[in-house]
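K.L.:
Have a look at this one.
Since every read-out is calculated from the coordinates, none of them should be taken as a lab result. For clarity, every value in this text was computed on a predicted model and none was experimentally measured. FYI the Cβ positions are ideal-geometry reconstructions off the backbone, even for glycines, and counts take in every protein chain you see.
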Amino acid sequence: MKLIRNVLCCVVALSAMHVNAQEKAPKHRVLILTDIENEPDDTQSMIRFLTYSNQWDVEGLVATTSIHQQKRVAPEKIKQLIEAYRKVRTNLLLHEKGYPEADYLLSITKSAYPDFGLNAIGKGKDSEGSEWIIKVVDKKDDRLVWIPVWGGANCLAQALWKVKMTRSPEDVKKFVSKIRMYTISDQDDTGPWIRKNFPDLFYVGSPGYHAAGAYHYATWSGISGDKFHGRFTGANFEIVDNPWLDEHVRSHGPMGAEYPFTKFLMEGDTPSFLGLVDNGLNDPEHPEYGGWGGRYELYTPRTLKYFHEPETRPIYTDAMDEVKGVDGNFHTSNKATLWRWREAFQHDFAARMDWTIKPYKEANHPPKAVVKGGNRVNAKTGETVALNAEGSQDPDGNALSYEWIYYPEPGSYNIKEPIQIKDVKAASTSFVAPKVEKPETIHVILAVTDNGIPALTRYQRVIFTVYP
């Protein structure tokens, strides 16, 4: 009897190990700060965000001010969009699990202090938004809190100020360590204040509009670009223009009806959360790897040139990729780190809008990309390295196509002598590890695309370490 009991215990333990091995990574915790109503693109971004809200544990939707909207906040607009989401949530759940209840989203919609920048920092400037940030970060949850900042950052700055004024240095450090922040420009003067006063905070800052009024063509502007501006000629503008949005977004039910006409750039704030989508390519803890939200490198204060204020600490900011555009030419720019994925993320959004109105069998769903051999592989100079995606599959039974993308910029080997993948369109192929003088890393991306409508893509990133 004892032997049988021991065998059963082993079986149960092995079964538990198998289940754990199949579990997905925990969802990211996400809290949005938005100056919604300053222009149409915040509303556009919020609609896309809600169609992906099952991807994350959404912890807050906070209406803020910015350089463009200095004395008011608009939580009522967020609530209006949540009511549209309420009407389609049941249909979204036909396609994927985990979409939050509309009432829950309403309960976490908060307002920041309705004043501009540093005027909203200090004693007596607490708001339900800043208090909510503190409560979310303090929650007994070891996961990090991702805070995409679409407008001004003063609501987060006030939360940080209060914590610093009321807690020990050790507790402040613990609080700050749980935050991951991405700002769409410095849209008030609290971004530099945060960087100066909280130098340990994980900070991704993509410059562009600044509180000082200057403009730079930042990575986030690559989300949709400008078909008349030479810097964007390599990108496909058609799939971010209003006619495409009319067909694939605005015509799709209650949420589509809320999607406004583009005045300037489509969804300028969307890059702040595109990099959090679980697509096999994105790695939010490594902005330097690149993904749907762009690529960002850790720059030292000496090399930071975009910001008006002198920087006192390293931050992640805009990096450069060389990418072949739709015009057939190669373009090197920070925008290219984002628009190189434009067709994939636009098709993905179009599919999600289909999910709001169509039954499962009439919509497309993303494939599953699988790489045999794992995502971290060691090799030696001259060795033939296998690339195998034959385990990839599609939930709708669609045919799959494959592309192996050598991504030089994130690796240490970079572009000295580009590796030659034998057949970039084959499910199974190989390359010869290049000659190196010291251990070097090489990033290869598997992109698996189905032939559904719209065609959807998922990825696997393999990082090879090549030894001499």
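K.L.:
Taking Lys174 as the anchor, which aspartates and glutamates have their alpha carbon closer than 12 Å to its alpha carbon, excluding any fewer than eight residues away along the same chain?
P.N.:
Asp138, Asp142, Asp200
K.L.:
Where in segment 237-257 is the amide nitrogen less than 19 Å from a point lying 7 Å along the Cα-to-Cβ axis of Glu83?
P.N.:
253-257
K.L.:
Let me ask another. For Lys164, what is the net charge nearby, where nearby means another residue's Cβ is under 13 Å from its Cβ and Lys, Arg count +1, Asp, Glu -1? Present the calculation step by step, with values, prior to reporting the outcome.
P.N.:
Numbers: positive: Lys123, Lys162, Arg167, Lys173, Lys174, Lys196; negative: Glu170, Asp171, Asp200.
After counting each charged neighbour, the total is +3.
K.L.:
Find out how many positive minus negative residues lie around Ile357, taking Lys and Arg as positive, Asp and Glu as negative, among other residues whose Cβ is under 13 Å from that of Ile357. Kindly include the intermediate steps, with their values, before the conclusion.
P.N.:
Details: positive: Lys87, Arg89, Arg250, Arg352, Lys358; negative: Asp354, Glu362.
Combined, the nearby Lys, Arg, Asp and Glu give +3.
K.L.:
On to the next question. Please tell me the relative contact order of the chain in percent, rounded to the nearest whole number, where contacts are Cα pairs under 8 Å and at least six residues apart.
P.N.:
The normalised contact order for the chain reaches 13 percent.
K.L.:
Sequence neighbours fewer than 8 away in the same chain don't count; with that in mind, list the aspartates and glutamates whose C-alpha is under 12 Å from Lys139.
P.N.:
The reachable aspartates and glutamates, counting only those whose Cα sits under 12 Å from Lys139, are Glu59.
K.L.:
So, one more: Report, ordered by chain and residue number, the lysines lying within cross-link reach of Lys438, taken as a straight Cα distance under 16 Å and ignoring same-chain residues fewer than 8 apart.
P.N.:
Lys380, Lys416
K.L.:
If you count the DSSP beta bridges with both ends in segment 364-467, what percent of them are antiparallel, to the nearest 5?
P.N.:
Looking only at bridges with both residues in segment 364-467, the antiparallel portion is about 85 percent.
K.L.:
Could I ask something else about it? Zone of Asp423 (label point 7 Å along Cα→Cβ, backbone N under 15 Å): which residues in segment 393-411?
P.N.:
401-404
K.L.:
Right, something else. Would you kindly state how much longer the chain becomes between Asn414 and Asp200 on full extension, computed as 0.36 nm times their sequence separation minus their alpha carbon distance, in nm to one decimal?
P.N.:
This chain segment gains 74.2 nm when fully extended.
K.L.:
On to the next question. In segment 27-347, if the dipole is taken from +1 on Lys/Arg beta carbons and -1 on Asp/Glu beta carbons about the Cα centre, which of Ser66, Gly328, Trp244 is farthest to the positive end?
P.N.:
Ser66
K.L.:
Looking at the chain, what % of its DSSP beta bridges pair antiparallel, to the nearest 5?
P.N.:
55
K.L.:
Non-local amide H neighbours of Tyr259 (under 5 Å, H modeled in plane, Pro and chain starts lacking H): which ones?
P.N.:
Placed amide hydrogens put nothing under 5 Å from Tyr259.
K.L.:
With respect to the cross-link table entries Lys97/Lys425; Lys324/Lys361; Lys178/Lys358; Lys87/Lys335; Lys87/Lys110; Lys135/Lys335, which display a Cα-Cα separation exceeding 28 Å?
P.N.:
Exceeds cut-off: Lys97/Lys425; Lys324/Lys361; Lys178/Lys358; Lys87/Lys335; Lys135/Lys335.
K.L.:
Once you place label points 7 Å from the Cα toward the Cβ at Lys368 and Arg313, how far apart are they in nm?
P.N.:
Each label point is offset 7 Å from its Cα along the Cβ direction, giving 4.1 nm.
K.L.:
Taking the Cα centre of segment 364-467 as the origin, how large is its charge dipole in debye, to the nearest 20, when only Lys and Arg (+1) and Asp and Glu (-1) carry charge on their Cβ atoms?
P.N.:
About 280 debye.
K.L.:
A further question follows. Net charge around Asp126, counting only other residues with Cβ within less than 14 Å of its Cβ (Lys, Arg = +1; Asp, Glu = -1)? List each step's numbers first, then the result.
P.N.:
On the way: positive: Lys110, Lys123, Lys125, Lys135, Lys162, Lys164; negative: Asp115, Glu128, Glu131.
After counting each charged neighbour, the total is +3.
K.L.:
Can you give the FRET efficiency for Asp103 and Phe264, using 1/(1 + (r/R0)^6), R0 = 41 Å, r = Cβ-Cβ distance, to the nearest 0.05?
P.N.:
Numbers: r = 33 Å, r/R0 = 0.82.
In this case the efficiency is close to 0.75.
K.L.:
Follow-up question, since we're still on this one. Which residue, Thr449, Tyr467, Asn398, has the largest displacement toward the positive end of the dipole of segment 364-467 when charges sit on each Cβ (Lys, Arg +1; Asp, Glu -1)?
P.N.:
Tyr467
K.L.:
Calculate, in nm to one decimal, what Trp244 and Asp283 gain on full extension: separation in residues at 0.36 nm each, minus their alpha carbon distance.
P.N.:
Extra length from Trp244 to Asp283 when fully extended: 11.1 nm.
K.L.:
Charges only on Cβ, +1 for Lys and Arg, -1 for Asp and Glu: so what's the dipole of the chain about the Cα centre, in debye to the nearest 20?
P.N.:
Values: 56 positive and 60 negative charges, 273 e Å.
Computed charge dipole of the chain: roughly 1320 debye.
K.L.:
What FRET efficiency comes out for Tyr467 versus Asp142 if R0 is 25 angstrom and r is the Cβ-Cβ distance? Round to the nearest 0.05.
P.N.:
0.10
K.L.:
Residue by residue through segment 385-400, which ³J(HN,Hα) values in whole Hz follow from phi under the Karplus form 6.51 cos²θ - 1.76 cosθ + 1.60 (θ = phi - 60°), with glycine and proline marked x?
P.N.:
So the Karplus estimates, Gly and Pro as x, are 9, 7, 10, 9, 10, 5, x, 5, 8, 10, x, 9, x, 6, 5, 10 Hz.
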